1. Just one of Phe76, Phe45 is at pLDDT 90 or above and either among the aromatic types (Phe, Trp, Tyr) or farther than 23 Å from Leu216 by Cβ (or both); which is it?
2. Among all residue pairs at least 6 apart or on different chains, which show Cβ distances below 7 Å where the first residue, located in region 214-239, is hydrophobic (A, V, I, L, M, F, W, C) and the second is part of a helix (DSSP H, G or I)?
3. In region 112-134, what residues are open to solvent by less than 60 Å² (accessible area, probe 1.4 Å) and either among the hydroxyl-bearing types (Ser, Thr, Tyr) or within 18 Å of Leu177 (Cα to Cα) (or both)?
4. Restricting region 10-47 to residues that are part of a helix (DSSP H, G or I), among the charged types (D, E, K, R) and more than 22 Å from Ile188 (Cβ to Cβ), which is least open to solvent (accessible area, probe 1.4 Å)?
5. Can Lys69 be described as surrounded by fewer than 16 Cβ atoms within 10 Å (Cβ to Cβ), modelled with pLDDT of 90 or more and over 30 Å from His248 (Cβ atoms)?
6. Of the residues in region 148-169, how many are open to solvent by less than 10 Å² (accessible area, probe 1.4 Å) and outside any loop (DSSP other than H, G, I, E, B)?
7. Give me the residue from region 48-60 that is on the phi < 0 side of the Ramachandran plot and open to solvent by less than 40 Å² (accessible area, probe 1.4 Å) and, out of that set, nearest to the chain's Cα centre (by Cα).
Amino acid sequence: FYFSSFFFKYFIINLYKIALRKSSLIFFQNEHDKIFFLNKKIIKFQKNQVINGSGVDINLYPYTQLPKKINSNLIFSFISRLIIDKGVMEFIEAAKIIKNKYPDVSFNIVGKLDASNSKSLNQDFFDQHLKENVFNYFKFEKNILPFIQKSDCIILPSYREGASKILLESASVGRPLIAANVPGCNNIITDNFNGYLCKVKDYNNLAHYMEKMINLSHEERSDMGKNGRKIIEDKFDINLVNSEIIMHIKNLYSI
């Protein structure tokens, strides 16, 4: 609700206050959300814990060696709901820029258009760029692992996240990432280590980092992917996250 109007946000905040009033413990997926709730006096300081997202099953998303190919034939993939707040328009506009300079680079969009959602990507805009071969489109599927494995880089220029599941899953597979420097993304990506953080709502800056990724050697991209996998194993493994949640709950009721 961060992008809602003042009155709608005010309404939602008060609903949160009512709903969470009697909660004994509240979990947040990133520090920024916790600070927001504290500043708005929705919760009290003693009633919250920050955990590393919802975690990712590293066995369901196993490390897979990055495909070795000519740099000009890389595949960038956007895998998400096709709504404005996910940055899909920035992805398409940046893809157009890169396509003009590197015509053999491919861009995949995997997701669902939802006309009933007021923030859905405009159908005419989508159809026009699809017709112009700016990107390849694949409808949403439950099993996205093959799309991740075939990609050289996963991109999510989202305006805000809790803890992006697609970034967690892609890092687990060993793919370098590019995402907007916003909460829910910048706690998963360490800039220039397992990917790049671009400016939010800035397709030119996104295109800059796409080109930077293209100009890396295969070994450099592969190292980024390995770094991402290590981050997942150390911080975001679902077993670690679940164990932390259970520990906090046990501590709560042992007092």
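1. Every option except Phe76 fails the conditions.
2. Ile214/Asn71; Ile231/Ala171; Ile232/Leu168; Ile232/Ala171; Ile232/Ser172; Phe236/Leu168
3. Ser120
4. Step one: filter region 10-47 for residues part of a helix (DSSP H, G or I), giving 10-20, 31-39, 45-47.
When the remaining residues are screened for being among the charged types (D, E, K, R), the result is 17, 31, 33-34, 47.
Adding the requirement that they be more than 22 Å from Ile188 (Cβ to Cβ) leaves 17, 47.
Details: Lys17: 66, Lys47: 40 Å².
Step by step, filter region 10-47, then rank; the result is Lys47.
5. no
6. Summing the residues that are open to solvent by less than 10 Å² (accessible area, probe 1.4 Å) and outside any loop (DSSP other than H, G, I, E, B) in region 148-169 gives 7.
7. Here is the first cut: in region 48-60, the ones on the phi < 0 side of the Ramachandran plot are 48-52, 54, 56-60.
Right, trim to open to solvent by less than 40 Å² (accessible area, probe 1.4 Å) and you get 48, 51, 56, 58.
Values: Asn48: 23, Ile51: 17, Val56: 13, Ile58: 17 Å.
Step by step, filter region 48-60, then rank; the result is Val56.
Per-residue answers, yes or no, for (1) modelled with pLDDT of 95 or more; (2) within 29 Å of Ile70 (Cα to Cα); (3) not acidic (Asp, Glu):
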residue: Asp104; (1), (2), (3): yes, yes, no
residue: Phe107; (1), (2), (3): yes, yes, yes
residue: Ser118; (1), (2), (3): no, no, yes
residue: Gln123; (1), (2), (3): no, no, yes
residue: Asn136; (1), (2), (3): yes, yes, yes
residue: Lys139; (1), (2), (3): no, yes, yes
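The values are calculated or read from the model by the stated rules, or taken from the named source; none is laboratory data. On a predicted model such as this, the values are computed, not experimentally measured, just so you know. Heads up, the Cβs are rebuilt from the backbone with ideal geometry, glycines too, and the neighbour counts pull from every protein chain shown. For accessibility, only protein heavy atoms count, side chains too; no ligands or nucleic acids. Shrake-Rupley method; radii C 1.70, N 1.55, O 1.52, S 1.80 Å.
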